[in-house]
1. Which condition number does C:ALA220 fail, the rest of (1) more than 15 Å from the chain's Cα centre (by Cα); (2) part of a loop (DSSP other than H, G, I, E, B); (3) within 14 Å of chain B (Cβ to nearest Cβ); (4) not charged (D, E, K, R) being met?
2. C:ALA180 fails exactly one of the following numbered conditions: (1) small (Gly, Ala, Ser); (2) under 20 Å from A:VAL107 (Cβ atoms); (3) buried (at least 19 other Cβ atoms within 10 Å of the Cβ); (4) touching a residue at least 60 places away in the same chain (Cβ under 8 Å). What is the number of that condition?
3. With respect to D:ILE39, determine if the residue is on the phi < 0 side of the Ramachandran plot and crowded, with 20+ Cβ neighbours inside 10 Å.
4. Checking the structure you have, find out if any residue of region C:127-140 is surrounded by fewer than 20 Cβ atoms within 10 Å (Cβ to Cβ) and within 30 Å of A:GLU98 (Cβ to Cβ).
5. Go through region B:131-147 residue by residue and tally those that are more than 9 Å from chain D (Cβ to nearest Cβ) and of a type outside the set (S, T, N, Q).
6. Give me the residue from region C:201-211 that is among the hydrophobic types (A, V, I, L, M, F, W, C) and surrounded by fewer than 21 Cβ atoms within 10 Å (Cβ to Cβ) and, out of that set, farthest from A:GLU46 (Cα to Cα).
7. Quick one: would you say C:GLY211 is at positive phi and within 15 Å of the chain's Cα centre (by Cα)?
8. Got a number for residues in region C:40-92 being more than 10 Å from every other protein chain (Cβ to nearest Cβ), in a helix (DSSP H, G or I) and of a type in the set (S, T, N, Q)?
Amino acid sequence: MKPEKIMVRLALVLLVGATALAGAASAQAATQSEFEAAYRAATEAEQKASALRNQWTPTEAALEAAAKAAAAKDYGTAMDLARRAEALAEASVEQAKEQDKLWQNAVLK
Amino acid sequence: MSRVSIVTPAALALERRLVLQFLGVGSLAATGLASGFVPLARAAEQSLAWPKNAFAQKNEAAALAALFEKPIVVPSDKVSLDVPEIAENGAVVPVSVTAALPNVTAIALLIPENPFTLAACCQIPEGTEPAISCRLKMAKTSDVVAVVQADGKYYSTRKQVKVTLGGCGG
Amino acid sequence: MKVAIATIGRRAAACLVLLLALVLPPASAEQRIDPAADQRAFQAYFRQAFPSVALNDFANGPYAVDKDMRKQWEEIMQFPPYDFALEDGKKLFETPFKNGKTYADCFPQKGIGIRQNYPYFDRQTGEVVTLDLAINRCREQNGETPLPYQVGDMAAIDAYMASTSRGKPFAIALPADPRAFAAYEKGKKFFYERRGQLNFSCASCHVQAAGKRLRGDILAPALGILASFPIYRSDWGSMGTVDRRFISCNDQVRSVAFKPEDELYRDLEYFLSYMSNGVAIAGPGTRP
Amino acid sequence: MASTIRVRAVAHGESTEVQSLIQHPMDSGFVKDKDGKLIPPHYIETVTFDWNGKRVFTAFWGPAVSKDPYLKFSFKGGKKGDTLKIGWSDNEGKSDETMATIL
């Protein structure tokens, strides 16, 4: 095999290995307080969505799963779920703001 | 187990033999009681026992064999089956069967793709028209098979009904 | 220096204009919102999209726009599964409350043949009142506990009251009251606004895709879509009211549904019913 | 308790058309309830129709028959005013019976 190919392959392996490690590391390192911060951010975003009366069911499901994972002390999973919930909540807030204007375009005139 | 033959008085002798054989079987009490009727004493009438074994079968041949004692079933255009092409809902599929045959004594409806194949079976006494309508449940896309017993012979037809969920899911 | 003054002048003028625009009242709610024009456009769209469908047939949703579905419906209508609920509804409607009164004492024309006027805008309370809300308010005024919404007795009473209005065209009134127009507009917005993770609006299915297939279902056109309520859906295996349908639709597009009789649901029902003025009531109905 | 059987029997010339709708869950045993528990099978097994003491129809049903089952058939004979007896029994030993007048 050509040396360059080997080098590329080696680099790839290292890269993959590193991210996996980082992922695992972040899972263990996510402490309760980090989870709670992420969870708070998610619930605040969801409250904004609720105020706009535009919550999504997957957000609620992710929040619930995050709380359950945290209760089981699995803060890594809980952290990921809380972040996912926040992203979903933000998206639903965005949707509500956009639709506030865009709905007029769909009206039968 | 209970091999009850759904036949006209013509085969009554056979019927009586089955009834006697059936009486000997332990499960009679359960079946008799479960159906809430006093079925079997009146051998003159077609027997009333619910064909438990036939309803327990998981494929067409086994269900028919259990119901009609190994019938030879011949596809026939004399049996017409009215079913939708696409079921609006698998829980309520309207099915109508009409048989342009004389001396029809029973009509059975089978759905091979259902967990249990035999869906329903009706006894048609002398003087009753050989045509029924009912509503069946279908687990998924499947043939609906109608088998008609007339003069001790068996005629069938089948049509596929497409079944799928509605809406855009949860 | 002169340049600076000029730019300040120009900027001040711009602010002034901006201020004026804010101060001047925006065109008053009535002019901008024109429900009658909306209704004409709405009905015209569906009459053109489904030229062979008679106005009253729009009450039959998917069965008005798909032959195979209609055939199955006609067979099921020979002995409709809502028969039991309809009979229960009549009995419930006629059973007196503990104080001896009945629903007939709460409703105009003793509650018979009035479903086509609901929902209406109540100018005293300034809100949209649907038939279900009126039923529960009648119960509360007579010392009875309100019925749970969506199913059961409420759906049965709806079924009976709807049956007494069969053939009477929807006649939803829109009083010249800015609050009524506002409620109407909020309902209209809800109907056209995309929601949920699937990012659909009611219009995505019941306007743009009306008559088309969504897996096993044929999507009902929005015109006349409430005329057959309450409906016995094979999918539910029981009766359901408008609330139950709104909530199940929201769930499907992964939007968190509101409580039954939420203000927005009532406004949506008000908008949808007003759009269907002229379509005869055909409830109770059966659906897939 | 109101009857669970609705019947519409109409005489047409020399035959009578019978339609019936029976209030029954017809649980197949394959459906889960809200909490994910399987609802046990509970379905009508036998339905009989008698006109003036003569058995005119018997249906044997399994779990594949729809909820609130419907049936239509017709038989030669029967005139306005005759009575029709309908009875059903299910796999839990429950049953119901009613008399209907031919219209």
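The values are calculated or read from the model by the stated rules, or taken from the named source; none is laboratory data. Predicted model only: the values in this text are computed from it and were never measured. Methodologically, a virtual Cβ is constructed for each residue, glycine included, from the backbone with ideal geometry; neighbour enumeration extends over all protein chains shown.
1. Of everything listed in (1) more than 15 Å from the chain's Cα centre (by Cα); (2) part of a loop (DSSP other than H, G, I, E, B); (3) within 14 Å of chain B (Cβ to nearest Cβ); (4) not charged (D, E, K, R), C:ALA220 misses just condition (1).
2. (4)
3. No: the conditions fail for D:ILE39.
4. yes
5. Residues that pass the stated criteria total 6.
6. For region C:201-211, the residue satisfying everything is C:ALA209.
7. No, not satisfied.
8. Selection size over region C:40-92: 3.
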